[in-house]
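The values are calculated or read from the model by the stated rules, or taken from the named source; none is laboratory data. Values in this document were obtained by computation on a predicted structure and should not be read as measured data. Note that each Cβ is placed from the backbone with ideal geometry, even for glycine, and that neighbours are counted across all protein chains shown.
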Amino acid sequence: MQKKDSNNLARIQKIAQTANESDMDVLLEHCKTAIMKGELFLVAYMVEYKYLPLKQKDLLGNTPLHQAVMKDQPQITDYLARKDSSAILDENDLDETPLSLANDKPEIKRIFESYLK
């Protein structure tokens, strides 16, 4: 594991141990950054160890799955959809679902279609 990843994990663990509402915002920001960089390992770590609920929403009502679709991250999208396929239809504050955001992303749309069968 790279030192950078180790530092991020330690920070995530520390925040999660004493998590309040503002700490959850920090965790969500870490998750967004990991999604943006395509770091599936960090996203999976935060989800698997329950540091970040899959339905956690940011100020715009976006869940981690919304973020993964918007950042065009198919592997992360697939991982998050596999953990909770109902999240594919969760709406943000603009009434957008991860599925609707995937309209112009064929690979992600195919992933979602496989979970909605």
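Search region 1-43 for residues being modelled with pLDDT of 80 or more and not hydrophobic (A, V, I, L, M, F, W, C), and hand back the single one that is surrounded by the most Cβ atoms within 10 Å (Cβ to Cβ).
Residues of region 1-43 modelled with pLDDT of 80 or more: 28-43.
Now drop any that are not not hydrophobic (A, V, I, L, M, F, W, C), which leaves 29-30, 32-33, 37-39.
Details: GLU29: 11, HIS30: 21, LYS32: 18, THR33: 14, LYS37: 12, GLY38: 16, GLU39: 19.
The qualifying residue surrounded by the most Cβ atoms within 10 Å (Cβ to Cβ) is HIS30.
Region 44-117 holds helices (runs of 4 or more DSSP H) entirely within its bounds, and those carrying 3 or more residues that are over 18 Å from LYS32 (Cα atoms) and at pLDDT 95 or above map to 106-116.
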